[in-house]
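The values are calculated or read from the model by the stated rules, or taken from the named source; none is laboratory data. This is a predicted model, so every value here is computed, not measured. Note that each Cβ is placed from the backbone with ideal geometry, even for glycine, and that neighbours are counted across all protein chains shown.
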There are 2 protein chains.
Amino acid sequence: MHSFTQMALVNENFLKLPGNYLFSDIAKKVEKYKAEHPERRIIRLGIGDVTRPLPEAVIVAMHKAVDEMANKETFRGYGPEQGYDFLREAIIKHDFEPRGIMLRKSEVFVNDGAKSDTGNIGDILDINNRVGVTDPVYPVYIDSNVMVGRTGNMTDDKWNDITYFPCTAENNFIPEIPHERIDMIYLCYPNNPTGMTLSREELGKWVDYALANGSLILFDAAYEAYIRENDVPHSIYEIEGAKRCAIEFRSFSKTAGFTGLRCGYTIVPEEVKASTRNGVEVSLNQLWNRRQSTKFNGASYISQRAAEAIYTPDGKEQIAGNIKYYMDNAKIMRSGLQKAGYKVFGGINAPYLWVKAPDGLSSWDFFDMLLNNADIVGTPGTGFGPSGEGYLRLTAFGTREDCHEAIERINKL
Amino acid sequence: MHSFTQMALVNENFLKLPGNYLFSDIAKKVEKYKAEHPERRIIRLGIGDVTRPLPEAVIVAMHKAVDEMANKETFRGYGPEQGYDFLREAIIKHDFEPRGIMLRKSEVFVNDGAKSDTGNIGDILDINNRVGVTDPVYPVYIDSNVMVGRTGNMTDDKWNDITYFPCTAENNFIPEIPHERIDMIYLCYPNNPTGMTLSREELGKWVDYALANGSLILFDAAYEAYIRENDVPHSIYEIEGAKRCAIEFRSFSKTAGFTGLRCGYTIVPEEVKASTRNGVEVSLNQLWNRRQSTKFNGASYISQRAAEAIYTPDGKEQIAGNIKYYMDNAKIMRSGLQKAGYKVFGGINAPYLWVKAPDGLSSWDFFDMLLNNADIVGTPGTGFGPSGEGYLRLTAFGTREDCHEAIERINKL
């Protein structure tokens, strides 16, 4: 094929990706509105990032780690690509053992954030695997698969070779188990953007499906620290058999406010396997280890010490305080919106509220209505997939004062 | 093909990768030797990591950044995937403008280290591109291409679909310009592992070749801060036309001792293009931006502030002091080895020395000889590719005392 060209070839799959204009479209609308109404104070409830400062225990740990880097005796150069033992051990001891999940250190891969690993995990899997995602969905799952050619082309806002599991009020946001075989299933619970969860029983159905069909579940548990109810699993490994069919992604970003520090981790159990075309089973733990050793060089030592600190008694208490702050915001917004007559989902075990647009409005109509009449900015649900139409995502990451004022304004509509 | 299997499929390209046993084989030999000779003090000159603590300016900047994260007013959450403006601007102003290279901010992508980006850059390129590498070589360039199926299979320690450019004493480590078309050419100068460089004239030949053949040069300049001679280019963009054919990888790891902090950057000029199969030219800057926005979430804020600090007057002076320390080590080792009768390459513009094994010994024989007779550990050249046979890599990252003692021991051989 080089006879047709005199240049190196691009990966043409990238050219299939539509422009990602959601947040820039929102920004443009808000800017225009501000220019026309300079006297109004806009409240941003679309923000998907933490706003509370890092807890004291984390700050102390980072200062200490910085000082270590200043002395020859305690300086740290390259760390293990998989993460330092002190952090891997703390993760196992505090995030899994209390829930009865036993893990080996070799199954914990510390990384620079869940976005990287949910995007990169496809590296170790065949490009002909069939992908399934819930709809609405965190766009990285889809876009990273588009980039390697795993999705086919797009028709009517859907990729031909992706199976979508609609999650709407009609099915109480519980995705239906597919009737056909799917190889790679992305599940994110508690869910971004809907804020909804799966019970142990519902998640168990997916694990059973995966075991029966040789599927791999890519389970994103970035928001597990926000779970408040007892029947909601924090880890997919609480479900019998999940170690044989699931990889789990965890993040310190939302758990401990680390969005600027870049540290998370991925669990790849030694039991989880995929197969060659000839039917030979292969350990994904070994392949992922090889991938990380070759294309990653470990997370920052300072960030790893910061992460270790959240497992101390002080650290635990302090991050719990921040999470409570956000979840109290969620409660205020949820009950306020309900009292004002809105249908609200999520916000009980997750910092996201998924609000049904009233009167059959579209996502963007609802967005415009809140901006124009209440000076409130949300995120249109269509930005997360076709089944997001008719919804708006609000987040609990703002200030308490803004949450109260937003509800007051909405009550006056 | 799913009818043949009941499981998700692995990326079988990973199974082609031979085990990477170089450093574990070395470790085993050293452990065995230590057990047999507990009284001897081993000097490790194979180490590929910095050992000097971080300079004061960097430490001060990190403490300040940590304190910012403790306060609501100065807390930073997600940063731009491409890096903060303060760092991108400092990079352009201090690393490029003084050499007459003008860059746009949009051309600088801050990352978590050069290993990630040299490994990931292939994401945006077609898997049928022909790859060329110097031999010996930094293994990441090859292994990351094996993983996507760009290399074919291995015969006699070489991948069938990779073109190797041998670099040995016979050609003074100057790779020969290929006679056929190559799409993606990896060049690392100053070179790891040989420590050798290309002059402006020699690098110019590669740029001319790339422009004539529509090739893309992937230029790894991780060691540019070690350059001491005037005629050696620090950036490929010092060469006319390189912005149309080259992507450059830079690292703070060896420049400023950041191996534990994880921060580097990649330059993707807006002029550099590759093509679709139909001959449509595509901006690689846009594709890389999309790749990074989807599969990366920025480098740690603390690490980016640390990097910014190396461009202050104090920071510059302090990192220059560390580099001088290592390069004085290199000088001591180089002249000592030469006086002892060894043929030594590199070590003038790079922290690596590439020592020819005496008397026709193999790399491993030479390794064993130094370990058994002088208690010195190097790295066998064969670990970096077939043309590394008959050489040993020594690095200048040890202590001054060890360098002196190593030379004394070698003189007694």
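Of the residues B:Y84, B:Y33, which single one is more than 9 Å from every other protein chain (Cβ to nearest Cβ) and either within 21 Å of the chain's Cα centre (by Cα) or buried (at least 19 other Cβ atoms within 10 Å of the Cβ) (or both)? Spell out how you get there, then give the answer.
Numbers: B:Y33 fails: either within 21 Å of the chain's Cα centre (by Cα) or buried (at least 19 other Cβ atoms within 10 Å of the Cβ) (or both).
Answer to the selection: B:Y84.
Residues in segment A:126-157 that are facing another protein chain (nearest Cβ under 10 Å), of a type outside the set (S, T, N, Q) and in a loop (DSSP other than H, G, I, E, B): A:D126, A:I127, A:R130, A:V148, A:G149. Residues in segment B:389-413 that are of a type outside the set (D, E, K, R) and closer than 23 Å to B:V50 by Cα: B:Y391, B:L392, B:L394, B:T395, B:A396, B:F397, B:G398, B:T399, B:C403, B:H404, B:A406, B:I407.
What about B:Y78, is it more than 14 Å from chain A (Cβ to nearest Cβ), over 25 Å from the mean Cα position of the chain (by Cα) and buried (at least 16 other Cβ atoms within 10 Å of the Cβ)? Explain how you work it out, then say what you get.
On the way: more than 14 Å from chain A (Cβ to nearest Cβ): no; over 25 Å from the mean Cα position of the chain (by Cα): yes; buried (at least 16 other Cβ atoms within 10 Å of the Cβ): yes.
It is false that B:Y78 is more than 14 Å from chain A (Cβ to nearest Cβ), over 25 Å from the mean Cα position of the chain (by Cα) and buried (at least 16 other Cβ atoms within 10 Å of the Cβ).
Of the numbered criteria (1) within 8 Å of another protein chain (Cβ to nearest Cβ); (2) free of Cβ contacts under 8 Å to residues at least 60 places away in the same chain, the one B:L17 fails is (2).
For segment B:3-69, please list each of the helices (runs of 4 or more DSSP H) lying entirely inside it that holds at least 3 residues being under 26 Å from A:N278 (Cβ atoms). Talk me through it step by step, then tell me what you get.
On the way: elements: B:13-16, B:22-36, B:56-68.
Helices (runs of 4 or more DSSP H) meeting the threshold: B:13-16.
Of the residues A:S116, A:S106, the single one that is surrounded by 19 or more Cβ atoms within 10 Å (Cβ to Cβ) and either of a type in the set (K, R) or under 26 Å from A:I185 (Cα atoms) (or both) is A:S116.
Each row is one residue, and each column tells you yes or no for (1) acidic (D, E); (2) more than 28 Å from A:N13 (Cα to Cα).
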| site | (1), (2) |
| --- | --- |
| B:E107 | yes, no |
| B:T134 | no, yes |
| B:I142 | no, no |
| B:Y164 | no, yes |
| B:C167 | no, yes |
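Given the criteria under 27 Å from B:N297 (Cβ atoms) and of a type outside the set (S, T, Y), does B:H37 qualify?
Judged against the criteria, B:H37 is not a match.
Looking for something modelled with pLDDT under 90 and more than 7 Å from chain A (Cβ to nearest Cβ) - is there at least one such residue anywhere in segment B:1-11?
Kept after step one, since they are modelled with pLDDT under 90, are these residues of segment B:1-11: B:1-6.
Those still in the list that are more than 7 Å from chain A (Cβ to nearest Cβ) too: B:3.
Yes, segment B:1-11 has at least one match.
Looking at B:N171, is it under 24 Å from B:A212 (Cβ atoms), of a type outside the set (A, V, I, L, M) and out of contact with any Ser or Thr (no Cβ under 6 Å at 6 or more places or on another chain)? Criteria met by B:N171.
Anything in segment A:112-165 that is of a type in the set (K, R) and out of contact with any His (no Cβ under 8 Å at 6 or more places or on another chain)? List them, or say none.
First, pick out the residues of segment A:112-165 that are of a type in the set (K, R): A:115, A:130, A:150, A:158.
Within segment A:112-165, A:K115, A:R150, A:K158 qualify.
For B:L54, the conditions (1) in the same structural domain as B:L261 (by TED's automatic domain parsing); (2) in contact with a Phe, Trp or Tyr (Cβ under 8 Å, 6 or more places away or on another chain); (3) touching a residue at least 60 places away in the same chain (Cβ under 8 Å) are fulfilled apart from (1).
Could you list, in sequence order, all residues of segment B:98-115 that are within 14 Å of chain A (Cβ to nearest Cβ) and over 30 Å from B:G390 (Cα atoms)?
Start the filter on segment B:98-115 by keeping residues that are within 14 Å of chain A (Cβ to nearest Cβ), which leaves B:110-115.
Within segment B:98-115, B:V110, B:N111, B:D112, B:G113 meet the criteria.
The conditions of being surrounded by fewer than 22 Cβ atoms within 10 Å (Cβ to Cβ), at pLDDT 95 or above and farther than 27 Å from B:T266 by Cβ are not met by B:P313.
Filtering A:D95, A:D49 for residues that are within 8 Å of another protein chain (Cβ to nearest Cβ), touching a residue at least 40 places away in the same chain (Cβ under 8 Å) and acidic (D, E) leaves a single hit, A:D49.
How many of the residues in segment A:123-138 are of a type outside the set (V, I, T) and either touching a helix residue (DSSP H, G or I) at 6+ places or on another chain (Cβ under 6 Å) or under 14 Å from A:K16 (Cβ atoms) (or both)? First the steps, then the outcome.
Residues of segment A:123-138 of a type outside the set (V, I, T): A:123, A:125-126, A:128-130, A:132, A:135-136, A:138.
The next check asks that each one be either touching a helix residue (DSSP H, G or I) at 6+ places or on another chain (Cβ under 6 Å) or under 14 Å from A:K16 (Cβ atoms) (or both); those that pass are A:123, A:135-136.
Count: 3.
Only one of the listed residues (B:T255, B:T194) is surrounded by fewer than 24 Cβ atoms within 10 Å (Cβ to Cβ) and among the hydroxyl-bearing types (S, T, Y). That residue is B:T255.
Name the residue, out of B:A307, B:A406, B:A374, B:A330, that is in the same structural domain as B:G260 (by TED's automatic domain parsing) and surrounded by 18 or more Cβ atoms within 10 Å (Cβ to Cβ). Spell out the reasoning first.
On the way: B:A406 fails: in the same structural domain as B:G260 (by TED's automatic domain parsing); B:A374 fails: in the same structural domain as B:G260 (by TED's automatic domain parsing); B:A330 fails: in the same structural domain as B:G260 (by TED's automatic domain parsing).
Selected residue: B:A307, the only one of B:A307, B:A406, B:A374, B:A330 that is in the same structural domain as B:G260 (by TED's automatic domain parsing) and surrounded by 18 or more Cβ atoms within 10 Å (Cβ to Cβ).
Surrounded by fewer than 16 Cβ atoms within 10 Å (Cβ to Cβ), over 22 Å from B:G390 (Cα atoms) and not basic (K, R): which single residue out of B:E238, B:E229, B:E202 fits that description? Give the steps one after another, and end with the answer.
On the way: B:E238 fails: surrounded by fewer than 16 Cβ atoms within 10 Å (Cβ to Cβ); B:E202 fails: surrounded by fewer than 16 Cβ atoms within 10 Å (Cβ to Cβ).
One residue alone meets the criteria, B:E229.
The single residue among A:M333, A:M327 that is in contact with a Lys or Arg (Cβ under 9 Å, 6 or more places away or on another chain) and in contact (Cβ under 8 Å) with a residue 24 or more places away in the chain turns out to be A:M327.
For residues in segment A:255-272 being of a type in the set (D, E, K, R) and more than 10 Å from chain B (Cβ to nearest Cβ), which is nearest to A:S116 (Cα to Cα)? Taking the candidates together, the pick is A:E270. Annotation: B:W159 fulfils all but one of (1) under 20 Å from the mean Cα position of the chain (by Cα); (2) free of Cβ contacts under 8 Å to residues at least 60 places away in the same chain; (3) surrounded by fewer than 23 Cβ atoms within 10 Å (Cβ to Cβ); the unmet one is (1).
Exactly one residue out of B:G347, B:G383, B:G390 is surrounded by fewer than 21 Cβ atoms within 10 Å (Cβ to Cβ), closer than 17 Å to B:N192 by Cα and not assigned by TED's automatic domain parsing to the domain that holds B:A169, and it is B:G390.
Can you confirm whether segment A:74-81 contains a residue that is part of a helix (DSSP H, G or I), without any contact (Cβ under 8 Å) to a residue 40 or more places away in the chain and of a type outside the set (G, A, S)?
No - not one qualifying residue is present in segment A:74-81.
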